[in-house]
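The values are calculated or read from the model by the stated rules, or taken from the named source; none is laboratory data. Given the structure is predicted, the values throughout are model-derived calculations rather than measurements. Cβ: placed from backbone, ideal geometry, glycine included. Neighbour counts: every protein chain shown.
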Amino acid sequence: MGYREIHRESIEAPERFWRREAEKLDWFEPPQEILSQDEKGFYRWFKGGKLNISHLALDYHCDNGRADQTAVIYDSPVTDTQQKFTYSELRDRVARAAGALRELGVEKGDRVVIYMPMIPEALEAMLACARLGAIHSVVFGGFSPNELAIRIDDAKPKAIITASCGVEFTRVIPYLPLVDEALKRSQHPPEKTLVVQREQEKAELKPGRDHDWDELCSRVSPADPVPVDATDPLYVLYTSGTTGKPKGVVRDTGGYATALNFSMETIYDLHPGEVFWTASDVGWVVGHSYIVYAPLIRGCTTIVYEGKPVRTPDAGAFWRVISEHQVKTFFTAPTAFRAVKKEDPEAKLMANYDISCLKKLFVAGERLDPPTYEWLTQILDVPVIDHWWQTETGWPIVANPTGVELFPVKSGSASLPVPGYNVMVLDDSGQPLPAGEQGNLVVKLPLPPGCLPTLWGDDERFRRSYLERFPGYYDTSDGGYIDDEGYVFIMGRVDDVINVAGHRLSTGEMEEVIGSHSAIAECAVVGIHDEMKGELPVGFVVLKDGVEVDEAELEKDLVQLIRNEIGAIACLKQVAVVQKLPKTRSGKILRKTIRQLAKEDDVPVPSTIDDPTSLEEIGRAMEVRGIGRHTG
Ligand code: COA
Ligand code: AMP
């Protein structure tokens, strides 16, 4: 069958379609219902089925001829380390880690927070939780203790798994003090911590609370996979929403396993035994799905890369790893290639490596901008595939289905709706728009397997955030259009979520943090285009009456405040003081107009504006501070 027939069947007969896909997995008990609705009216996939994803990813392959195949390659230029683990070695390590968690009292349904750098133990920790039926919640290592504490308080974990340190380029970052700080700030601190002691810097363990990973794993007995329901949560992954509180995206087990396996075949065209490398971090959804679960469920070899695209040691890092480990399919974020292009514009370093093993390059996390696409197609002989997805969906919504047929790539488009997703464009009143017209990108319900069934502990927020605005559809919060050949063009978020170097961040959260400073009366943070990182947050603040400050000092304080409260990855560098923020007469800050002003000269003054001089002042501040189009 060609793509169009497959897609049609997935929409017209979803139960038949996904039953067939689910049957490709080794269930302990097959599902009783393929698609159903729970008591809250939310769609659920594969009710009644029993499985364990650590069994699918490890034991199944060990029992079916892959025990001696490499499952994981750890490549760490920052510590000058390389290690390989076969499927049977990985299974044994995960079984012991699960035994260690069990020893700490972790049981099916308990949450475990994982705060770790890119080391094999991070992946083992996730699989160990899955083995017990415990629900992991991985927090990206670049987030501050405050962010970690917020997630701990929401997930209420039984234990935290961490490492003694991470390594950023050449800087060693001790992790345990960050965890200590988070536990101090938290209302629900777990009692147990499991710590991987690394050579680069060992942590001082607190007796009773902290347990040494190696020591505990060596003395416990291995744990077998615990059967869980298909609808049981595998993990909760927090992502930025429009307000300060992150959203805990819940992932189920059966739908996710089925969808990931399907995606490996249909989108990525990967077969058992082949090497798939995703250069991301296990703290992001891309890492969950395509560093850990999908490659292992598919019986591929995955790579845990602890390094950067550049300066570890140079901009040839990607080409080295591809050639050294015979990577067939590579996946990363466009921003990573912009970093490479900046340092090695002609990709001269590529000549040092034979990368003929590479057959396809996939990018996601942000729009593949046409200049980066052109550059990639000039330096590489392989298809360069943009694909669009979100933490919420867990796997791609729009992609080029290269495992079925490779469609011609259109620059600026992520190609076609993936089977299972009925993607449409609606105007603000919910009416479908014709081809070529830009509006709100939505997916007609039900979402396919693998996508979020709800938000952790907050069904109402789930309903409000995704289902309420357009009844019968999932609201992606991205805007875009579909052309007359069905290609989807994603034009960016329609809410206050921004994308900085492939990292999803909330400007609303930054505003809350800045607003907590004693000198600030009110503020607006907007995402402004940046050559390298896609977008960068910029703040505009109004001081409280009578407050006098040195503006440079205030900026320094606010930048530091954001680093402390959110993390260095927020990348807030510029804050300008203004007398007034542009607002509508009803008091709504005109953030979109501020964003436009950073891009264009002639921005129409909205008719609803309260005081047009406020906009002129923002324009002047941008000019003086070199913000947006005034950069450089
Ligand atoms: N732990 C601690 N700090 C971290 C961190 C981590 N895991 N990740 C990033 N940071 C810090 C950086 O050290 C930097 O700190 P600094 O301001 O003190 O220098 C800050 O956060 C900003 O990081 P980043 O925006 O990542 O910039 P960078 O210059 O370090 O790296 C790229 C730029 C493009 C190489 C990097 O952002 C990248 O690889 N991005 C791809 C993102 C990705 O994979 N997204 C997933 C979707 S596929
Ligand atoms: P995250 O949840 O961190 O994966 O971020 C999801 C958001 O990133 C989406 O809502 C989009 O705004 C953006 N995004 C991800 N992939 C793409 C893409 N290929 N093209 C355009 N935007 C993308």
Practice task
Evaluate the following for GLU551: is it in contact (Cβ under 8 Å) with a residue 12 or more places away in the chain, of a type outside the set (Phe, Trp, Tyr), more than 18 Å from ILE569 (Cβ to Cβ) and within 16 Å of ligand 1 (Cβ to nearest atom)?
Solution key: no
Exercise for the section: Could you tell me whether region 466-478 includes any residue that is buried (at least 22 other Cβ atoms within 10 Å of the Cβ), modelled with pLDDT of 95 or more and within 16 Å of ligand 1 (Cβ to nearest atom)? Expected result: no
Practice task
Residues being away from ligand 2 (no atom under 15 Å from the Cβ), farther than 19 Å from LEU447 by Cα and either surrounded by 23 or more Cβ atoms within 10 Å (Cβ to Cβ) or of a type in the set (Val, Ile, Thr) (or both): count how many of those fall in region 258-268.
Solution key: 0
Fill in the blank from the handout: Only unsatisfied item for HIS271, checking (1) touching a Lys or Arg at 6+ places or on another chain (Cβ under 9 Å); (2) surrounded by 20 or more Cβ atoms within 10 Å (Cβ to Cβ), is (2)
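State all residues of region 287-308 that are near ligand 1 (Cβ under 8 Å from one of its atoms), surrounded by 23 or more Cβ atoms within 10 Å (Cβ to Cβ) and farther than 16 Å from GLU124 by Cα; if no residue qualifies, say none. Please lay out each step first, then the result.
Let us first name the residues in region 287-308 that are near ligand 1 (Cβ under 8 Å from one of its atoms), namely 287, 308.
Filter once more, so that each one left must be surrounded by 23 or more Cβ atoms within 10 Å (Cβ to Cβ): 287.
Those that are near ligand 1 (Cβ under 8 Å from one of its atoms), surrounded by 23 or more Cβ atoms within 10 Å (Cβ to Cβ) and farther than 16 Å from GLU124 by Cα: none in region 287-308.
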Practice task
Quick one: which residue in TYR473, TYR481, TYR487 is closer than 21 Å to LEU416 by Cβ and away from ligand 2 (no atom under 14 Å from the Cβ)?
Solution key: TYR473
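Just to be sure, is ASP344 within 11 Å of ligand 2 (Cβ to nearest atom) and more than 25 Å from THR266 (Cβ to Cβ)?
On the way: within 11 Å of ligand 2 (Cβ to nearest atom): no; more than 25 Å from THR266 (Cβ to Cβ): yes.
No, not satisfied.
Let's see how each residue does on (1) small (Gly, Ala, Ser); (2) within 15 Å of ligand 1 (Cβ to nearest atom); (3) within 24 Å of ARG20 (Cα to Cα):
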| position | (1), (2), (3) |
| --- | --- |
| TYR373 | no, no, no |
| ILE379 | no, no, no |
| GLY403 | yes, no, yes |
| ALA414 | yes, yes, no |
Exercise for the section: Of the numbered conditions (1) outside any strand (DSSP E or B); (2) at pLDDT 95 or above, MET1 fails exactly one; give the number of that condition. Expected result: (2)
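Of the residues that sit in region 420-445 and are in a loop (DSSP other than H, G, I, E, B) and touching a Pro at 6+ places or on another chain (Cβ under 8 Å), which one is surrounded by the fewest Cβ atoms within 10 Å (Cβ to Cβ)? Before the answer, list the steps.
Taking region 420-445 first, the residues in a loop (DSSP other than H, G, I, E, B) are 420-422, 427-431, 433-438, 445.
Adding the requirement that they be touching a Pro at 6+ places or on another chain (Cβ under 8 Å) leaves 420-421, 430.
Values: GLY420: 29, TYR421: 25, GLY430: 14.
The extreme case among them is GLY430.
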Practice task
For region 175-191, state whether one or more residues are more than 15 Å from ligand 1 (Cβ to nearest atom), under 30 Å from GLU512 (Cβ atoms) and either crowded, with 23+ Cβ neighbours inside 10 Å or under 22 Å from the mean Cα position of the chain (by Cα) (or both).
Solution key: no
Exercise for the section: For LEU445, indicate whether it is under 17 Å from ALA333 (Cβ atoms) and away from ligand 2 (no atom under 15 Å from the Cβ). Expected result: no
Handout entry: Long-range neighbours under 9 Å by Cβ, at least six apart or interchain, first residue modelled with pLDDT under 95 within region 392-419, second away from ligand 1 (no atom under 15 Å from the Cβ) and of a type in the set (S, T, N, Q)
Key = SER411/THR377
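If you scan region 323-344, which residues turn out to be in a loop (DSSP other than H, G, I, E, B), under 18 Å from GLU306 (Cα atoms) and more than 9 Å from ligand 1 (Cβ to nearest atom)?
First, pick out the residues of region 323-344 that are in a loop (DSSP other than H, G, I, E, B): 325-328, 333, 344.
Next, only the ones that are under 18 Å from GLU306 (Cα atoms) stay: 325-327, 333.
The answer is HIS325, GLN326, VAL327.
Give region 607-632 a look and list any residue that's at pLDDT below 90 and surrounded by 16 or more Cβ atoms within 10 Å (Cβ to Cβ), or say none.
Going residue by residue through region 607-632, those that are at pLDDT below 90 are 628-632.
Once the filter is applied, which keeps residues that are at pLDDT below 90 and surrounded by 16 or more Cβ atoms within 10 Å (Cβ to Cβ), region 607-632 yields only GLY628.
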Problem - strands (runs of 3 or more DSSP E) wholly inside region 180-257 that include at least 2 residues being in contact (Cβ under 8 Å) with a residue 40 or more places away in the chain - result: 192-196, 233-239, 247-252
Practice task
Please tell me if ILE73 is surrounded by 15 or more Cβ atoms within 10 Å (Cβ to Cβ), over 26 Å from the mean Cα position of the chain (by Cα), at pLDDT 95 or above and of a type in the set (Val, Ile, Thr).
Solution key: no
Exercise for the section: Could you please find all residues in region 385-419 being within 12 Å of ligand 2 (Cβ to nearest atom), crowded, with 18+ Cβ neighbours inside 10 Å and farther than 24 Å from TYR293 by Cβ? Expected result: SER413
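Would it be correct to say that ARG493 is among the basic types (Lys, Arg) and within 14 Å of ligand 2 (Cβ to nearest atom)?
Numbers: among the basic types (Lys, Arg): yes; within 14 Å of ligand 2 (Cβ to nearest atom): yes.
Considered against the rule, which asks whether it is among the basic types (Lys, Arg) and within 14 Å of ligand 2 (Cβ to nearest atom), ARG493 comes out as yes.
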Exercise for the section: Among the numbered conditions (1) surrounded by fewer than 19 Cβ atoms within 10 Å (Cβ to Cβ); (2) under 14 Å from LEU368 (Cα atoms), tell me where VAL500 comes up short. Expected result: (1)
Handout entry: Test: ILE566 is within 16 Å of ligand 2 (Cβ to nearest atom) and at pLDDT 95 or above
Key = yes
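Residue-wise test of (1) of a type in the set (Lys, Arg); (2) surrounded by fewer than 12 Cβ atoms within 10 Å (Cβ to Cβ); (3) within 15 Å of ligand 1 (Cβ to nearest atom); (4) not assigned by TED's automatic domain parsing to the domain that holds VAL542.
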{"site": "LYS556", "(1), (2), (3), (4)": "yes, no, yes, no"}
{"site": "ILE562", "(1), (2), (3), (4)": "no, no, yes, no"}
{"site": "ALA570", "(1), (2), (3), (4)": "no, no, yes, no"}
{"site": "VAL575", "(1), (2), (3), (4)": "no, no, no, no"}
{"site": "LYS588", "(1), (2), (3), (4)": "yes, yes, no, no"}
{"site": "VAL605", "(1), (2), (3), (4)": "no, no, no, no"}
Completion exercise
Among strands (runs of 3 or more DSSP E) entirely within region 498-545, at least 1 residues that are within 14 Å of ligand 1 (Cβ to nearest atom) and over 19 Å from THR239 (Cβ atoms) occur in 520-530, 534-543
